[in-house]
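The values are calculated or read from the model by the stated rules, or taken from the named source; none is laboratory data. These numbers were taken from a predicted model, which means no experiment stands behind them. Cβ coordinates were reconstructed from backbone atoms using ideal geometry, including for glycine residues, and neighbour counts include every protein chain displayed.
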Amino acid sequence: MLAAPTAIRGQAATFDLPSDEVEAVLLLGPTACGKSALAMAMAQKLPLEVISIDSAQVYRGMDIGSAKPSAADRARVPHHLLDLRDPAQPYSAAQFVHDATAAIAGIRGRGKLALLVGGTMMYARSLREGLSQLPSADPQIRARIQREASELGWPALHARLQSIDPEMARRLAPADRQRIGRALEIFERSGRRPSELLRAPTRTSCRLRTIALMPLDRAELHRRIERRFDAMLQQGFIDEVRALRARPDLHAQLPSIRSVGYRQAWEHLEKTTSAREFRAAAIAATRQLAKRQITWLRSMTDAIRIDPLANDALDRLADVLVNVR
């Protein structure tokens, strides 16, 4: 159990963290379920720092559409792993594990609790379970696969993956360009099926506790998704994406631009959708993301589950954080 903080409020509060105890807590949940608000509320009760688990928030200039914490929130509570990369630069799960592990060590060194908050489940899984020994990217192979996809179509490359690795192909939709391309690249680089490599992870050295925010009222979650997206539009989300599109080095196939919301806004600005169609597509994609995130969370059988929409969510979360083992 984490020892109680020396003070509930104030900058001097610290946790006495024994070396054999949990080193950090993951606060995971679907998009728009209130993760950040709960984390900020907990920061008023316990001495903690927040580490973002968000594959869009790592990019500079992608603030509104990623629901990045405000400057005021970041001034009140230290946040880590935000604005690490330019949108033209890659960022991987392996880099996340490296950066998160370093951030956890620093927070523990300051006597604080490291609270990792977000919904990029691949990052969370990599930190929880370790990274598979996958070969590094090869720009030449990747460029050739992209050219072949342009000529043949991604369904044809998905069929190729089916012949190489049926297990991996079953996991991926025929239009999942990024993951199909990466799977084919892994096979060419290693000569082994990607699914085989993924079954041999290296365990992480971090001792973690996972809290899964699981909304029971799915209709309310969908309403929150709509309200939040409309608020993003009012805050200038389209102008944010318009500024990104003005850069000659950014394009629609970059991982940063393929983030949910940004991809739909990019297509809208290319005049392929109307404003109404854009809003509907973005909200539908966000709902689908939330569904996938909930599926990930259900697979984490060791996680402590809390309904973030319940009236006692904050009290339950506080109880878990103080008594986590």
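Surrounded by fewer than 19 Cβ atoms within 10 Å (Cβ to Cβ), out of contact with any strand residue (DSSP E or B) (no Cβ under 9 Å at 6 or more places or on another chain) and in a helix (DSSP H, G or I): does that describe Arg224? Criteria not met by Arg224. Of all residues in the stretch 130-179, those satisfying the criterion of being within 28 Å of the chain's Cα centre (by Cα) and among the charged types (D, E, K, R) are Asp138, Arg142, Asp165, Glu167, Arg170, Arg171, Asp176, Arg177, Arg179. Checked against (1) assigned by TED's automatic domain parsing to the domain that holds Leu289; (2) of a type in the set (A, V, I, L, M); (3) part of a loop (DSSP other than H, G, I, E, B), Ala124 passes all but condition (3). The residue that is farthest from Leu115 (Cα to Cα), among those in the stretch 56-91 that are among the charged types (D, E, K, R) and touching a residue at least 12 places away in the same chain (Cβ under 8 Å), is Asp86.
Considering only residues in the stretch 87-101 that are at pLDDT below 95, assigned to a helix (DSSP H, G or I) and among the small types (Gly, Ala, Ser), the one that is surrounded by the fewest Cβ atoms within 10 Å (Cβ to Cβ) turns out to be Ala94.
Count of the stretch 157-181 residues, restricted to those that are in a helix (DSSP H, G or I) and of a type in the set (Gly, Ala, Ser), is 4.
What is the residue count in the stretch 247-280 for residues that are at pLDDT 95 or above, within 18 Å of Arg85 (Cα to Cα) and over 19 Å from the mean Cα position of the chain (by Cα)? Selection size over the stretch 247-280: 4.
So that you can scan it fast, the table gives a plain yes or no per residue for (1) surrounded by fewer than 14 Cβ atoms within 10 Å (Cβ to Cβ); (2) within 22 Å of Met121 (Cβ to Cβ); (3) in contact with a strand residue (DSSP E or B) (Cβ under 6 Å, 6 or more places away or on another chain):
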position	(1), (2), (3)
Phe278	no, no, no
Ala290	no, yes, no
Thr295	yes, yes, no
Asp302	yes, yes, no
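None of Lys271, Lys291 is of a type outside the set (Ser, Thr, Tyr) and at positive phi except Lys271.
For residues that are over 12 Å from Glu188 (Cα atoms) and hydrophobic (A, V, I, L, M, F, W, C), scanning just the stretch 130-152, find the one that is modelled with the lowest pLDDT. Full working, then the answer.
Going through the stretch 130-152, the residues over 12 Å from Glu188 (Cα atoms) turn out to be 130-133, 139, 143, 146-152.
Next, only the ones that are hydrophobic (A, V, I, L, M, F, W, C) stay: 131, 143, 149, 152.
Working: Leu131: 76, Ala143: 91, Ala149: 93, Leu152: 93.
Applying the filter and picking the extreme gives Leu131.
Does Asp230 count as surrounded by fewer than 19 Cβ atoms within 10 Å (Cβ to Cβ) and either more than 30 Å from Gln140 (Cα to Cα) or touching a strand residue (DSSP E or B) at 6+ places or on another chain (Cβ under 7 Å) (or both)? Steps first, please.
On the way: surrounded by fewer than 19 Cβ atoms within 10 Å (Cβ to Cβ): yes; either more than 30 Å from Gln140 (Cα to Cα) or touching a strand residue (DSSP E or B) at 6+ places or on another chain (Cβ under 7 Å) (or both): yes.
It is true that Asp230 is surrounded by fewer than 19 Cβ atoms within 10 Å (Cβ to Cβ) and either more than 30 Å from Gln140 (Cα to Cα) or touching a strand residue (DSSP E or B) at 6+ places or on another chain (Cβ under 7 Å) (or both).
Does Asp217 satisfy being assigned by TED's automatic domain parsing to the domain that holds Glu148 and among the acidic types (Asp, Glu)? No; evaluated as a whole, the condition is false for this residue.
Do we find a residue being more than 30 Å from Ala313 (Cα to Cα) and either of a type outside the set (A, V, I, L, M, F, W, C) or modelled with pLDDT of 95 or more (or both) anywhere in the stretch 219-236? Even if it seems obvious, please write down each step before you answer.
Just the residues of the stretch 219-236 that are more than 30 Å from Ala313 (Cα to Cα), to begin with: 236.
Among the residues that remain, those that are also either of a type outside the set (A, V, I, L, M, F, W, C) or modelled with pLDDT of 95 or more (or both) are: 236.
Within the stretch 219-236, one or more residues are more than 30 Å from Ala313 (Cα to Cα) and either of a type outside the set (A, V, I, L, M, F, W, C) or modelled with pLDDT of 95 or more (or both).
With the condition kept exactly as written, say whether any residue in the stretch 250-259 is in contact with a Ser or Thr (Cβ under 8 Å, 6 or more places away or on another chain), within 23 Å of Ser36 (Cβ to Cβ), surrounded by 12 or more Cβ atoms within 10 Å (Cβ to Cβ) and not β-branched (Val, Ile, Thr). Yes, that holds for at least one residue. Is there a residue being surrounded by fewer than 18 Cβ atoms within 10 Å (Cβ to Cβ), closer than 30 Å to His158 by Cβ and of a type outside the set (A, V, I, L, M) anywhere in the stretch 241-249? Yes; the residues of the stretch 241-249 include at least one that is surrounded by fewer than 18 Cβ atoms within 10 Å (Cβ to Cβ), closer than 30 Å to His158 by Cβ and of a type outside the set (A, V, I, L, M). Checked across the stretch 139-158, the condition of being touching a Ser or Thr at 6+ places or on another chain (Cβ under 8 Å) and surrounded by 17 or more Cβ atoms within 10 Å (Cβ to Cβ) holds for no residue.
The rows are residues; the columns are (1) outside any helix (DSSP H, G or I); (2) not basic (Lys, Arg).
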{"residue": "Ala72", "(1), (2)": "no, yes"}
{"residue": "Val117", "(1), (2)": "yes, yes"}
{"residue": "Leu134", "(1), (2)": "yes, yes"}
{"residue": "Arg142", "(1), (2)": "no, no"}
